[in-house]
Structure formats: structure tokens, C-alpha cells
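A.B. asks: Sharing a structure with you now.
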Amino acid sequence: MQSKATGEMVESDKACENCKEKFENDKLPKCDCGRLKTRYTCDCKEEENEKELPLLPHQDGGMALFYEQQINGLQEKERQLEEEVDTHLEALEVAEDWHKRQKQELLDWIKQLEEENKQLKELTPQELLKEINDLKAQLTQLQQQNGQLTAQIEIKETKKWPWLKIRK
């Protein structure tokens with residue numbers, strides 16, 4: 001604590017009765033950081049009137065209690081940060097594994113496409129036309145099967161719900 005009369009530092013537990021009363025009634029400025037809520041500047045003009053203040057109920061441990069609370073708070077913060085770091089490291093490992101699998105799948109797919117491309121380059125124009133015609137035939141067959149399945153579904157739905165009319 002600093003005496004306004006002399007500007008000298010005075011022990012934090014010493015002040016005049018007038019300043020003590022002002023402090024307890026929140027008429028003296030207090031630090032908002034939480035660490036110095038029990039300290040204030042003595043407003044009295046007489047340095048010799050400064051007396052030791054009794055400890056308030058929350059001040060019983062003095063500075064030792066303050067430091068103990070600070071240590072406990074820092075230990076809790078450290079525990080939380082360690083847990084957060086562990087979580088991030090686990091997530092990073094999962095992401096790296098996923099990335100490796102995706103990369104391998106892409107490499108395999110590229111290899112397969114390169115092999116297909118090589119095979120197609122080796123085909124003669126007649127073989128290519130035959131391949132195209134075969135693919136067209138497969139497509140036509142799949143479209144017919146799809147039409148039959150759609151018709152079966154429409155028939156089943158109209159049997160279940162006779163009021164339902166399907167538009168074509």
C-alpha cells in the first residue's frame with residue numbers, strides 16, 4: 001500500500017481507521033484483476049495514523065493462500081492444456097491415416113486407368129468399334145431392365161394404393 005501523504009510504500013495490512021472504513025464500503029479504488037482486491041492506497045494525510053487492519057474473513061491465509069490459489073489455478077490450466085494437446089494430436093493421427101488411405105486409393109485408381117488406357121491404345125480400330133458396340137448393347141440391356149423394374153414398381157404401388165395414379 002502507498003501512503004498518499006508521503007508517497008512511501010506501507011505494509012498492506014496497515015491503514016488508518018477512516019481508510020479501512022472507506023475500503024470496506026467500496027469507496028476506495030480497488031484493482032479489478034482479482035489479485036489486489038485486499039490492497040488499497042491510504043487516503044489519510046497523517047502517516048502516523050496508519051494502523052494495522054484486521055484480516056477480513058477471506059484473507060485468513062494472507063499471501064500464502066493467494067500463492068496457493070495461483071498455483072492451483074495454474075496446475076488446472078496446465079492439465080486442461082495437456083488434455084487439449086492430446087486431443088489435437090489424436091485428431092492429427094486420424095487425419096494422417098485418412099490421408100494415407102486416400103492417397104493410396106488414388107494411386108491405385110491411377111494405375112488401373114493407366115492399364116486400361118494402355119490396353120485401349122493397343123486395340124485396332126475394328127476392335128475399338130467392336131468394344132463400343134458391346135458397351136452400347138450392355139447399355140440398352142440395362143435400360144430395358146430398368147424399365148421393367150420401374151413398371152413392376154408402378155404395378156405394385158397401384159395395387160397397394162388404388163387411388164394413386166402414376167403419370168407417364
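The values are calculated or read from the model by the stated rules, or taken from the named source; none is laboratory data. The shown structure was predicted, so the numbers you read here are calculated from the model rather than taken from an experiment. When we count neighbours, we look across all protein chains shown, and the Cβ atoms used for this are built from the backbone with ideal geometry, even at glycine.
A.B. asks: Name, by its number, the condition in (1) among the hydroxyl-bearing types (Ser, Thr, Tyr); (2) surrounded by 12 or more Cβ atoms within 10 Å (Cβ to Cβ); (3) modelled with pLDDT of 65 or more that does not hold for TYR67.
C.D. replies: (2)
A.B. asks: Another question about this same structure. Do you know which residues across segment 103-129 are hydrophobic (A, V, I, L, M, F, W, C) and either touching a residue at least 60 places away in the same chain (Cβ under 8 Å) or part of a helix (DSSP H, G or I) (or both)?
C.D. replies: If the condition is that a residue be hydrophobic (A, V, I, L, M, F, W, C) and either touching a residue at least 60 places away in the same chain (Cβ under 8 Å) or part of a helix (DSSP H, G or I) (or both), then LEU106, LEU107, TRP109, ILE110, LEU113, LEU120, LEU128, LEU129 are the ones that fit.
A quick yes/no check of all residues on (1) assigned to a helix (DSSP H, G or I); (2) modelled with pLDDT of 80 or more; (3) surrounded by 10 or more Cβ atoms within 10 Å (Cβ to Cβ):
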{"position": "GLU131", "(1), (2), (3)": "yes, yes, yes"}
{"position": "ASP134", "(1), (2), (3)": "yes, yes, yes"}
{"position": "LEU142", "(1), (2), (3)": "yes, yes, yes"}
{"position": "GLN152", "(1), (2), (3)": "yes, no, yes"}
{"position": "GLU157", "(1), (2), (3)": "yes, no, yes"}
{"position": "ARG167", "(1), (2), (3)": "no, no, no"}
